[in-house]
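Remarks on the structure that follows.
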Amino acid sequence: MKILIKNGHVIDPANGIDEITDIFIDNGEISEVGVDPDLNGVEMEVIDASGKIVAPGLVDMHVHLREPGQEYKEDIETGTRAAVYGGVTSVACMPNTSPVCDNEAVVTYIKSRAAEVGYANVYPIGAVSKGQEGKYLAEIGEMAFAGAVAVSDDGHPVENSGLMRRAIEYSEMFDVVVISHCEDMALGEGDMNEGAVATELGLRGISRAAEEVMVARDAIVAEAIGGRVHIAHISTKGSVDIIRRAKARGVRITCETCPHYFALTEDACRGYNTNAKMNPPLRTAEDVEAIKEGLKDGTIDCIVTDHAPHHPDEKECEFGLAKNGIIGLETSLGLGIKCLVKTGVLTMSQLIEKMSLNPSRILGISKGTLSAKHAADIVIFDPDKPWTVDISKLHSKGKNSPYDGFELYGKPEYVIVGGEIVINQGELMK
Ligand SMILES: [Zn+2]
């Protein structure tokens, strides 16, 4: 299939492109970016992208697809369907499935299942430790050869510093990155951010120190051995400070945050709203400002969703009993535009860089670019066109989103994966 995307505002941070031009797609790949008069007479699909942004498809490196084992929450088909509706053409999925993705067989299963039913590209992340129990290293080499792009015990911290050190050293040999869920469990037990709101609501508070202690540890371990570590979902001012200083010293550390850490504060927990319960918890306005500052100055490399679908029974209960996490694949771009681009924190090009190019580079996958000969993964949206979130109309199995009724911008109108139009005028093609 040949596709011509005409007159769009093309943003491709990998190649420094930020201008009105055309993109020609042939045989699943980007053929060229630029206006080509020789295309007259060639039979092809034409998309008029006037007034819209044309960017590399988003790459979300922190997603829970729940398959195998928890298909009542989400599966690879529904999770990737939600992804493409959100403009996300590649996801990296966390290994806290059942069984845990800690061996070659589960990595291979996820990849083959995704090839069968997936709407987006799926990159499995293997576990750091067997069963994510934090005791013995998982078969990192085998998983890397089977296609795992990173390792993580996400959902749990790697509490043993020696194990973390060996994971970083060992992963380096296979060129996969360790993604660290930073939480000191002894400091982390609770329901929401520690502070006045938790006290007022009578809920158990989680100290910022629970996150920061582990961010500092990982920075120190990585520095000591010259290894590379990526910090998952940072939420506090202190974490931003620690990573900023580590980067300045030349430590090979990267990090991500999620839209909820710049779009919401702990106040969202009022009314015992379980859709505001997550781990790490929503923080204060001061932390939100620091997260924005970290995004602006490059301390924070990526924006990921930590898409964590749950069954209604796991959220429609007492706050203390509710599961952590929210869905996010269909709202991340809109929140990025609303909270970061419209407010001048990031340019559109910087937003695309953090949602597409940087995660691709960290994972070492050839995505997040519109370079010629690369698979044509593209999102097209109008950043000035408002839309209102209606949870009941989202496509994930999970409906646990705190954004019902939010007015966002830039709902994807066309999404192309591997040269195939998957979303056409906002609707799924197949
Ligand atoms: Zn986590």
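Selection of region 259-281 for residues being within 16 Å of the ligand (Cβ to nearest atom), crowded, with 23+ Cβ neighbours inside 10 Å and closer than 23 Å to residue 317 by Cβ yields 260, 277, 278, 280, 281. What do you reckon, is residue 146 closer than 30 Å to residue 28 by Cβ and at pLDDT 95 or above? It is true that residue 146 is closer than 30 Å to residue 28 by Cβ and at pLDDT 95 or above.
Residue-by-condition table, conditions (1) under 20 Å from residue 389 (Cα atoms); (2) open to solvent by 10 Å² or more (accessible area, probe 1.4 Å):
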{"position": "300", "(1), (2)": "no, no"}
{"position": "308", "(1), (2)": "yes, no"}
{"position": "326", "(1), (2)": "yes, no"}
{"position": "329", "(1), (2)": "yes, no"}
{"position": "332", "(1), (2)": "yes, no"}
{"position": "336", "(1), (2)": "yes, no"}
{"position": "341", "(1), (2)": "yes, yes"}
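Can you confirm whether region 38-47 contains a residue that is modelled with pLDDT of 95 or more, of a type in the set (A, V, I, L, M), within 28 Å of the chain's Cα centre (by Cα) and surrounded by 12 or more Cβ atoms within 10 Å (Cβ to Cβ)? Yes, region 38-47 has at least one match.
The set of residues in region 151-168 that are open to solvent by less than 80 Å² (accessible area, probe 1.4 Å) and within 16 Å of the ligand (Cβ to nearest atom) comprises 151, 152, 153, 154, 155, 157, 158, 164, 167.
Here region 312-356 is the region considered, the condition is being part of a loop (DSSP other than H, G, I, E, B) and of a type in the set (Asp, Glu), and the residue that is modelled with the highest pLDDT is 330.
Under the condition of being in contact with a strand residue (DSSP E or B) (Cβ under 8 Å, 6 or more places away or on another chain) and either open to solvent by 30 Å² or more (accessible area, probe 1.4 Å) or in contact (Cβ under 8 Å) with a residue 24 or more places away in the chain (or both), the residues counted in region 205-222 number 8.
Quick grid of which residues meet (1) touching an Asp or Glu at 6+ places or on another chain (Cβ under 8 Å); (2) modelled with pLDDT of 95 or more; (3) buried (at least 17 other Cβ atoms within 10 Å of the Cβ):
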| residue | (1), (2), (3) |
| --- | --- |
| 170 | no, yes, yes |
| 178 | no, yes, yes |
| 202 | no, yes, no |
| 238 | yes, yes, yes |
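Of all residues in region 382-398, those being open to solvent by less than 80 Å² (accessible area, probe 1.4 Å) and in contact (Cβ under 8 Å) with a residue 24 or more places away in the chain number 9.
Do we find a residue being open to solvent by less than 50 Å² (accessible area, probe 1.4 Å), without any contact (Cβ under 8 Å) to a residue 60 or more places away in the chain and among the charged types (D, E, K, R) anywhere in region 99-107? Scanning region 99-107, I find at least one residue that is open to solvent by less than 50 Å² (accessible area, probe 1.4 Å), without any contact (Cβ under 8 Å) to a residue 60 or more places away in the chain and among the charged types (D, E, K, R), so the answer is yes.
Taking the condition buried (at least 24 other Cβ atoms within 10 Å of the Cβ), within 16 Å of the ligand (Cβ to nearest atom) and assigned to a loop (DSSP other than H, G, I, E, B), does residue 359 pass? In short, no.
Considering only region 141-150, I want to know if a residue exists there that is within 16 Å of the ligand (Cβ to nearest atom), in contact (Cβ under 8 Å) with a residue 12 or more places away in the chain and open to solvent by 10 Å² or more (accessible area, probe 1.4 Å). Within region 141-150 (the criterion being within 16 Å of the ligand (Cβ to nearest atom), in contact (Cβ under 8 Å) with a residue 12 or more places away in the chain and open to solvent by 10 Å² or more (accessible area, probe 1.4 Å)), the answer is no, since none of the residues qualifies.
Return only the number of the condition from (1) in contact with a helix residue (DSSP H, G or I) (Cβ under 8 Å, 6 or more places away or on another chain); (2) touching a residue at least 24 places away in the same chain (Cβ under 8 Å); (3) open to solvent by 30 Å² or more (accessible area, probe 1.4 Å) that residue 366 does not satisfy. Answer for residue 366: the failing condition is (2). On the stretch given as region 413-425, residues that are touching a residue at least 24 places away in the same chain (Cβ under 8 Å), on the phi < 0 side of the Ramachandran plot and in contact with an Asp or Glu (Cβ under 9 Å, 6 or more places away or on another chain) total 6. Within region 56-68, is even one residue crowded, with 17+ Cβ neighbours inside 10 Å and farther than 20 Å from residue 148 by Cα? Yes, region 56-68 contains at least one residue that is crowded, with 17+ Cβ neighbours inside 10 Å and farther than 20 Å from residue 148 by Cα.
One residue is enough: does region 243-255 have a residue meeting the conditions of a type outside the set (Ser, Thr, Tyr), within 16 Å of the ligand (Cβ to nearest atom) and in contact (Cβ under 8 Å) with a residue 60 or more places away in the chain? So far as region 243-255 goes, no, none of its residues is of a type outside the set (Ser, Thr, Tyr), within 16 Å of the ligand (Cβ to nearest atom) and in contact (Cβ under 8 Å) with a residue 60 or more places away in the chain. Would you say residue 81 is over 24 Å from residue 411 (Cβ atoms) and either open to solvent by less than 10 Å² (accessible area, probe 1.4 Å) or among the basic types (Lys, Arg) (or both)? Answer is no for this residue.
Considering (1) part of a loop (DSSP other than H, G, I, E, B); (2) open to solvent by 30 Å² or more (accessible area, probe 1.4 Å); (3) among the charged types (D, E, K, R), the lone condition that residue 19 does not fulfil carries the number (1).
The values are calculated or read from the model by the stated rules, or taken from the named source; none is laboratory data. Just so it is clear, the structure is predicted and the values come from calculations on it, not from any experiment. Every residue, glycine among them, receives a Cβ derived from its backbone with ideal geometry; neighbour counts consider all protein chains shown. Quick note on the areas: whole protein, heavy atoms, side chains included, nothing else; ligands and nucleic acids left out. Shrake-Rupley method; radii C 1.70, N 1.55, O 1.52, S 1.80 Å.
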